[in-house]
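Scroll down for the structure; my scribbles are underneath it.
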Amino acid sequence: GTGIGHPGLCQWIAERHGGLDPAHVMVSNGSLEAGAMLFEHLLQPGDRVIVEQPTYDRTLLLLQQLGVELVPVSLEADGLDVAQVEAALAAGPVKLAHVIPNAHNPAGCTLSLEKRKALVQLAADHGFLLFEDDPYRLISFDESRGETMLDMDGADRVIHASSFSKSVSPGVRVGYLVGPE
């Protein structure tokens, strides 16, 4: 196969994300592997990375193994504290922010529309990448899941990850990344 995954599956995923070019999709062995490959490709030891506090423990492990500087930001009832993100940016450049926007694991909160918009704008203004780790979006019973940050992104600063492991079958380890080619 190809390095980006099955072309037909890439096409199907691209269509689900508003008709994007399939060249903006990469299929992986689950969303955790997608994140791991992305982190290894983008990050260097010492890079500052914003993480939610608390966040998924495997994400922290992957980032710690790369030697990045973790910048924890507290969660509120409607997602991460944007004022703390702004304070982190004022303290120095950030390379990436990792955000779980829907049905956060382990906190359970969902990022509000206002905060999604604010984060996308901050990423555009400050030049960092926003990693939208969204494996739980497809299992929501709430029809008003909210726009993805990828949908809002006009500056190619958002990389969206998701997985079919939650919606199809836990044994089916298929995830993907969608973002700038």
message: Can you tell me the orientation of helix 7-16 relative to the chain, as the angle in degrees between its alpha-carbon axis and the longest Cα principal axis, to the nearest 10?
response: 60 degrees
query: Per residue of the chain, what 222 nm ellipticity follows from adding -39500 (n - 2.57) for every DSSP H run with n ≥ 4, rounded to the nearest 500?
result: -9500 deg cm²/dmol
task: Provide the gained length on full extension for the span Asp156 to Arg58, in nm with one decimal, where the gain is 0.36 nm per separating residue minus the Cα-Cα distance.
output: 32.7 nm
- line: Rounded to the nearest 10 Å², the accessible area of Leu9 using a 1.4 Å probe with every protein chain kept is 50 Å²
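With a cap of 14 neighbouring Cβ atoms within 10 Å, and only residues DSSP puts in a loop, list the chymotrypsin sites (Phe, Trp or Tyr not before Pro) found in the stretch 1-102. Before the final figure, lay out each step's value.
Working: sites: Trp12, Phe39, Tyr56; in loops: Tyr56.
Passing sites in the stretch 1-102 do not exist.
At 0.36 nm per residue, and after removing the present C-alpha to C-alpha distance, how many nm does the segment from Asn29 to Asp81 gain when stretched out fully?
15.6 nm
I need the shape label for the stretch 43-116. Rule: rounded when a/c is under 1.5, else prolate if a/b > b/c, else oblate, with a, b, c from the alpha carbon gyration tensor.
On the way: a/c = 2.50, a/b = 1.33, b/c = 1.88.
Note, shape of the stretch 43-116 comes out oblate.
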- prompt: Of the beta bridges DSSP finds with both residues in the chain, what % are antiparallel, to the nearest 5?
  reply: 35 percent
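The values are calculated or read from the model by the stated rules, or taken from the named source; none is laboratory data. Please read these numbers as outputs of a predicted model, since none were measured by experiment. Here Cβ is always computed from backbone atoms with ideal geometry, including for glycine, and neighbour counts include all displayed protein chains. Only protein heavy atoms, including side chains, enter the accessible area calculation; ligands, DNA and RNA are left aside. Shrake-Rupley method; radii C 1.70, N 1.55, O 1.52, S 1.80 Å.
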